[in-house]
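Peer 1: Take this structure first; my questions come after.
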Amino acid sequence: MLRFACAAVLLSGCSQDPPEAELEPEPTGERFARECLTGAVAGELISLNWEELFVTWGCGGTWGEGASWERSLFGLTGCCDFPFAVELLRVQDGWGMAIHDDRRTLVQFGAGFPQTRFEHTLDDVVRFDFDGNGTRDYITSGDGIVRRGVVPAYMYDAVAASDETTLLTGKPYRYLTIADLGGSALPDIFFTTKSGELGLAVQTSPDQFTERTLGHGENPQRPYVADVDGDGRDDIVGASPEIFVYSSKTQTLVQLPDKARAIAVGDVDGDGLYEPVFLTENGLQVRRIVGLDTADTPVSKVVLNTTEAQTLTLADVDGDLWSDVALIHELGQATSWLELRRSPSFP
């Protein structure tokens, strides 16, 4: 059960383990060199029963996407070279999703590589059965509007403006996360904006919402949906750069003192409970937040030390049900490389 003992002193900070001082980086894990790595996501594609790690790279106008296809041996195989850049979003419902650099085309990968064109700018895209009719919808942000549109039966088809319904408007919406956060069985929208707002739009009736501002930050990162307090209900985890957790049980946002260069959610200790796992602001440590399922004050603990990294993601790449940590070093440079640390090596 989620009880934040520090709730009364949110802005002054909760207790945490002191940062490790003067620690030498640990020996790197498995290493994969690829010029100009630009991003990474993880997830399970259609017909697989373990997660894969997907990366994008791009140098000199040539852009690509790759995946780890081996379950027991880590190795990235080139998949597709594009004459355009893509921004990786997420792997959802067995499909990987990315936004074309024209900001109007959704590029997907799984059973094929469909590209779906929209008539407006795309800042984020989520696939979700929003109206409960058994058909997935595209929930998109762009041009200051959040919209719902039906996923075309043939995913190469364009989504016409007339096929979309406006859900929210009037703010520079950026990242979207969808879950039943109010307990009404209707999906709600947790959103961030380009101006740093952290907000929640509660669905009061089909396609009707009440918005409220929960907090503010700086350049919020894409949030995650996960049950991090063990009560069986979805919560929201993100960073801006202070780590925040929105509890669906207490319906409050808690902002922790730890700052993250990058954040993800997974089970790195094998206890069956998902935890926020983050790359510290200086890029030299990976830490995790523990205590969200107790009445104790949440604290952060070291998972590993490394040389400076720019981003991280979590993936169970070997099917052992523990989340492994993937770090990208020298992001976007010709000397960039990806480091994989498997979960048994964690303290």
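Peer 1: In straight Cα distance, which lysines are under 28 Å from Lys301, not counting same-chain residues fewer than 8 positions off?
Peer 2: Cα-Cα hits under 28 Å: Lys249, Lys259.
Peer 1: Can you work out the accessible area per residue across the chain, with the rest of the protein chains kept in place, probe 1.4 Å, in square angstrom? Kindly include the intermediate steps, with their values, before the conclusion.
Peer 2: Details: 14340 Å² over 347 residues.
With the other protein chains kept in place, the chain gives 41 Å² per residue.
Peer 1: For a quick check, take a GNM of the chain with Cα springs below 10 Å and name the residue from Thr306, Thr204, Thr192 with the largest mean-square fluctuation.
Peer 2: Maximum fluctuation in the GNM of the chain, among the listed residues, is at Thr204.
Peer 1: Right, next: What's the percent breakdown of Cα-Cα distances in the stretch 212-347 across 10 Å bins, shortest bin first?
Peer 2: Per 10 Å bin, starting at 0, the Cα pair percentages come out as 12, 44, 34, 9, 1.
Peer 1: Within 10 Å, count the other beta carbons around each residue, average over each peptide in 295-305, 310-320, 162-172, 233-243, and list them highest first. Walk me through the numbers before you get to the answer.
Peer 2: Working: 295-305: 18.0, 310-320: 20.7, 162-172: 14.5, 233-243: 22.6.
For the peptides 295-305, 310-320, 162-172, 233-243, the packing ranking is 233-243, 310-320, 295-305, 162-172.
Peer 1: From the protein chains alone at 1.4 Å, what is the descending order of accessible area for Val151, Val125, largest first?
Peer 2: Working: Val151 20, Val125 0 Å².
Reading off the accessible areas and sorting them downward yields Val151, Val125.
Peer 1: I've got another one for you. For the residue pair Lys301 and Thr165, what label-to-label distance in nm results when each label sits 7 Å from Cα along the Cα-to-beta-carbon direction?
Peer 2: So the label points at Lys301 and Thr165 sit 4.5 nm apart.
Peer 1: Still on this structure, please answer the following. Running Debye on the stretch 105-170 with equal point scatterers at the Cα sites and no solvent, what base-10 log of I(q)/I(0) appears at q = 0.13, 0.17, 0.19 Å⁻¹?
Peer 2: Log10 of I(q)/I(0), two decimals: -0.32, -0.55, -0.69.
Peer 1: OK, next. Could you give each residue of the stretch 176-187 its phi-based ³J(HN,Hα) in whole Hz, using Karplus coefficients 6.51, -1.76, 1.60 with θ = phi - 60°, and x for Gly or Pro?
Peer 2: Running phi through 6.51 cos²θ - 1.76 cosθ + 1.60 with θ = phi - 60° gives 10, 9, 10, 6, 7, 9, x, x, 8, 6, 8, x Hz.
Peer 1: If the reach is capped at under 16 angstrom between alpha carbons, list the lysines near Lys194, excluding any in the same chain fewer than eight residues apart.
Peer 2: Correct list for Lys194: Lys171.
Peer 1: Let me ask you something else. Round to a whole number: what % of the accessible area of the chain belongs to carbon and sulfur, probe 1.4 Å? Could you put the intermediate results ahead of the total?
Peer 2: Details: 7140 of 14340 Å².
On the chain, the fraction of accessible area on carbon and sulfur atoms equals 50 percent.
Peer 1: Could you check how many percent of all C-alpha pairs in the chain are farther apart than 38 Å? Please list the in-between numbers first.
Peer 2: On the way: 7616 of 60031 pairs.
Above the 38 Å cut-off, the chain has 13 percent of its Cα pairs.
The values are calculated or read from the model by the stated rules, or taken from the named source; none is laboratory data. Quantities reported herein were computed from a predicted structural model and do not represent experimental measurements. Note: ideal-geometry Cβ built from the backbone for every residue, glycine included; neighbour counts use all protein chains shown. Areas reflect the complete protein model, heavy atoms only, side chains present, ligands, DNA and RNA absent. Shrake-Rupley method; radii C 1.70, N 1.55, O 1.52, S 1.80 Å.
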